[in-house]
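Trainee: Here it is: the structure, laid out below.
The values are calculated or read from the model by the stated rules, or taken from the named source; none is laboratory data. What you see is a predicted model; the values in this text were computed from it and never measured. Quick reminder, even Gly has a Cβ in these numbers, built from the backbone with ideal geometry, and neighbours come from all protein chains shown. For the accessible areas, the whole protein counts, side chains as well, though only heavy atoms, and no ligand, DNA or RNA atoms are used. Shrake-Rupley method; radii C 1.70, N 1.55, O 1.52, S 1.80 Å.
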Amino acid sequence: MLHNLSVRYDVGQIYTYVGTILVAVNPYAELPLYSEAKMREYRGRPMRALPPHPYAVADLALRLLARDGEDQSIVVSGESGAGKTETCKTILRYLAFRSTAGFDLRADGRAAPARSLERQVLATNPALEAFGNACTLRNGNSSRFGKLVRTLLHAHSCEIGGAKIDTYLLERSRVSSVPRGERSFHIFYQLCAGLPRERAAELALDGGAAAFELLCGGGVMRIGGVDDRAEFDAVRAAFDTMGVPADALDGAWAMVAAVLHVRNVRFGEVEGAHGRVGVRRAQPGGAAGNDGGQNAVADAALAHAARLLCVSEAQLEAALTTRAARSLAGREAACTLHLDSAACAAARDGLCKGLYSALFAAVVGALNARLLALGAPEATGMLSPARAQSPREPPAARAGAAQPYAPNYGEVHNHLQLASPSSRALAVAKAASPASAGRSSARGLRCVSLLDIFGFECFATNGIEQLLINYANERLQRFFLARVLDDELSLCRAEGVRTPNGLAVGSGNECVALLDARPSAGPGGGQAGGAPMGVLRLLEDEANVPGASDASFSRRVHATHAAHGWLRAPLIGAKAKPSRASAASVGAPQPGAGPLGASEGFIVRHFAGEVTYSVAGFLDKDTDALHAEVATIVSAAAARLHLPSCLL
C-alpha cells in the first residue's frame, strides 16, 4: 500500500482510496485540484467514477443523508501537518457549493438568505484560524484546538439550514510561553502588523511584534510566504462577512493587546522592602531600566495592561504579587501573603491564559450566534452544545479549592470547558466520536458533522499537551479500527472472500485503557481482578492529594502500571526523542530534552509509536487554577470590554 501511495504521489496523484477511506499525502504545494468546475464534476457521481478526491467523500455523505435520512460524520485524521485543516475547508466549500447550486441573486442584487449563510459558514475559517492556529515546527498553520463543525442540511435539496461550531482543548499554554522554533497564535502577529498606526498607538502596539517577549520567545517572527498584514485584512473581512461592524471588534483587539502587555510584566525585589517582590516599572525620568532602551515597552507593561483591562495599576499589581489568605470560614481575608518571583510569574501566566480563553470563547460564541440567526428556526434547538459526561465534577461542586476560571457566556462554555484539561480530554474523546453524534429530529433537516482535531504529536520534549492530544487520537484510532478494518474483514468472511488465516486487527483498547480506565475502590488505584486506574485519572486524583508533586505522580503511574505492556520507564541516561515515524519532521531538539528518570516521566506505546513524556508541570497545568484575585481581573475585564456581546 505504501508503494502504491508513493507511485501515485510521484505522478501528482495525492489522493488514494483504500476501501471506503480516502488517504491524502500532503504535497505542501498549491495544486489545480479545487475549483467550482471540479465540484460540478463530482456532483452526484458514484465515489469511484472519478479520481479520488475530498469532493467525492462529501458528495457521498450528502447522497447517504438523502437516501437513508440519517446523520453523517466525516472524520479527518492524521499526524500534525498532514493537511487535516485544509481538507476540512475543502469539504466545507463543497457542502456550501451543493447548498447554493441553483440559487441566483435576487432582483435587487443582494444574495438570497441561503447563500448568505453559506458564505458565513466559510467565513468562520479565517476568523477561527487567526485566534486558534499557530506556526509549529511541523506546520505553519497548525490548529491548536479541536473543532467539530455540525452543518444542518435539508435532506433532499442539500440547502444548509444552520451550523454550529464546538471547540475543544484550546492550547492555552501558548499565550504564556512558546516552544523554540514556533509562534504563538496568529492573531498576535497579525494585529501588530495590520492595525492602523493610530489604533496601534492607542493599544501600545506601535513597537511591533518585536517589543513583546511572548512573540519573540520562539525565535520565529514571520512565516515564509505569509504576510501578517494581509492576513489581518482577511480576518477583518471575515468578520465583516459575518455581519460584525469594525468598531465592534475594538474590545477584542484591546484584549489581545492586554495579553501581550501582561506577559511583558517583569518582577524584581522592591527596594527597601526586605526581599519582597513587586512589578518592575519604568525608571523615573524616562529611563528604561537596567537593561537599556530596548526594554522600555516591557517596563511600561503594567501601566498599559491596567489601562486596557480597565483596572488600576495597584489592583493589577496586587493580583499578580499577593494572595489573600482566607479564614477557615472562607468569608474574609485573614492576611495578605506576598509571593516570590516564581509564584508571581505563574500568576501572570495564569492571567494571560484566562484572558485569552475568555476572548476565544467570545469569538466562537459570536460566530455561532450569527450562524444560528441566519439558519432555519428549527435548527437552533438541534444545534445545542455537544455535552459529555466528565469524570470530574464541575469546579463549582468542589468548594474550598482554587478553581479554574471559566466565564459562562451562555452556550459558549459548556461542561467540557469547566473541567480540567485532562477531564476535557476524556470528555472530548467521547463527544467527538462519530458514533456519539445525535440524530437530527427536526423534520427535513439532517446533520453532516466534520471533525478537525489535533493529529498525533511526538516531539523532542513531550508534555501534558501531547499526552492529551495523543489520547484523543488513540480514541479515534480505535473507532477507525472497529468501524472500518474489522467491519471490512467481517464483510469479506460473510461473503466468502478468502482472508489470511489468523489475520486480526488490533483493537487499540490496551492503550486507551492505560490512559482512561475508570477509578476503582481498591488501594492505590488498583482493583482486584480488574484494570488499574488510567494515567489521566491518576493525574486527576493526584491533583487532590496534599503535597503531591509531578514526581509523586510519575512514581504512582509506574507503580500502578508496572506490568502494563504499553507503558514503561525511561532508560536512565537515555534522552527523550521522537519516534521513527515523526523524527524527520520534528526539527531541532527542544530545550530541556535530556535524561529522564522514573520520577520524571514515562514512555507510552501508542499506535503511531512510542512517546516519552516528561511530567514537568503536569499537575500545575492540569489544575490550571486561577486564584480569586486573578480571576476577578479576568471577569472584570471581560465585562467592561463587553466581550460576551461585543462581537454579536
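Trainee: Collect the residues in the range 200-238 that are touching a helix residue (DSSP H, G or I) at 6+ places or on another chain (Cβ under 6 Å), within 30 Å of Leu117 (Cβ to Cβ) and of a type outside the set (D, E, K, R), keeping them in residue-number order.
Mentor: Within the range 200-238, Phe232, Ala234, Val235, Ala238 meet the criteria.
Trainee: Same structure, new question: If only one of Gly207, Gly161, Gly218, Gly224 is farther than 20 Å from Leu359 by Cα and either polar (S, T, N, Q) or within 23 Å of the chain's Cα centre (by Cα) (or both), which one is it? Even if it seems obvious, please write down each step before you answer.
Mentor: On the way: Gly207 fails: either polar (S, T, N, Q) or within 23 Å of the chain's Cα centre (by Cα) (or both); Gly161 fails: either polar (S, T, N, Q) or within 23 Å of the chain's Cα centre (by Cα) (or both); Gly224 fails: either polar (S, T, N, Q) or within 23 Å of the chain's Cα centre (by Cα) (or both).
Answer to the check: Gly218.
Trainee: Next up: Could you check, for the range 149-169, whether at least one of its residues is of a type in the set (A, V, I, L, M), touching a Lys or Arg at 6+ places or on another chain (Cβ under 7 Å) and open to solvent by 20 Å² or more (accessible area, probe 1.4 Å)?
Mentor: yes
Condition check ((1) at pLDDT 90 or above; (2) open to solvent by 10 Å² or more (accessible area, probe 1.4 Å)) across all residues:
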| position | (1), (2) |
| --- | --- |
| Asp247 | no, yes |
| Val262 | yes, no |
| Gly268 | no, yes |
| Gly278 | no, no |
| Ala287 | no, yes |
| Asn290 | no, yes |
| Val297 | no, yes |
| Leu320 | yes, no |
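Trainee: Then there is this: Name the residue that is surrounded by the most Cβ atoms within 10 Å (Cβ to Cβ), counting only residues in the range 441-450 that are modelled with pLDDT of 85 or more and over 19 Å from Val76 (Cβ atoms).
Mentor: Only one residue fits best here, namely Arg446.
Trainee: Hey, another quick one. Residue under question is Ala238, and the condition is that it be under 22 Å from Val630 (Cβ atoms) and crowded, with 17+ Cβ neighbours inside 10 Å; does it hold? If you could, list the steps in order and put the result at the bottom.
Mentor: Numbers: under 22 Å from Val630 (Cβ atoms): no; crowded, with 17+ Cβ neighbours inside 10 Å: yes.
For Ala238, the condition - under 22 Å from Val630 (Cβ atoms) and crowded, with 17+ Cβ neighbours inside 10 Å - is not met.
Trainee: So, Tyr34, is that one assigned to a loop (DSSP other than H, G, I, E, B), under 12 Å from Thr90 (Cα atoms) and either open to solvent by 40 Å² or more (accessible area, probe 1.4 Å) or at pLDDT 95 or above (or both) or not? Can you show your working first?
Mentor: Working: assigned to a loop (DSSP other than H, G, I, E, B): yes; under 12 Å from Thr90 (Cα atoms): yes; either open to solvent by 40 Å² or more (accessible area, probe 1.4 Å) or at pLDDT 95 or above (or both): yes.
Considered against the rule, which asks whether it is assigned to a loop (DSSP other than H, G, I, E, B), under 12 Å from Thr90 (Cα atoms) and either open to solvent by 40 Å² or more (accessible area, probe 1.4 Å) or at pLDDT 95 or above (or both), Tyr34 comes out as yes.
Trainee: Another question about this same structure. Could you go through the range 370-388 and let me know if any residue there is modelled with pLDDT of 70 or more, open to solvent by less than 20 Å² (accessible area, probe 1.4 Å) and either within 18 Å of the chain's Cα centre (by Cα) or within 21 Å of His186 (Cβ to Cβ) (or both).
Mentor: no
Trainee: Search the range 612-629 for residues being modelled with pLDDT under 85 and not charged (D, E, K, R), and hand back the single one that is surrounded by the fewest Cβ atoms within 10 Å (Cβ to Cβ).
Mentor: The selected residue is Ala628.
Trainee: Filter the range 451-483 down to residues that are open to solvent by 10 Å² or more (accessible area, probe 1.4 Å) and either of a type in the set (D, E, K, R) or over 20 Å from Ser173 (Cα atoms) (or both), then give me how many there are.
Mentor: Selection size over the range 451-483: 10.
Trainee: Inside the range 76-120, can you point out the residues that are under 21 Å from Ala373 (Cα atoms), among the aliphatic types (A, V, I, L, M) and modelled with pLDDT under 90?
Mentor: Leu105, Ala111, Ala112, Ala114, Leu117
Trainee: Name every residue in the range 39-51 that is open to solvent by 50 Å² or more (accessible area, probe 1.4 Å) and either at pLDDT below 90 or in a helix (DSSP H, G or I) (or both), in order of residue number.
Mentor: Arg40, Glu41, Arg48, listed by residue number.
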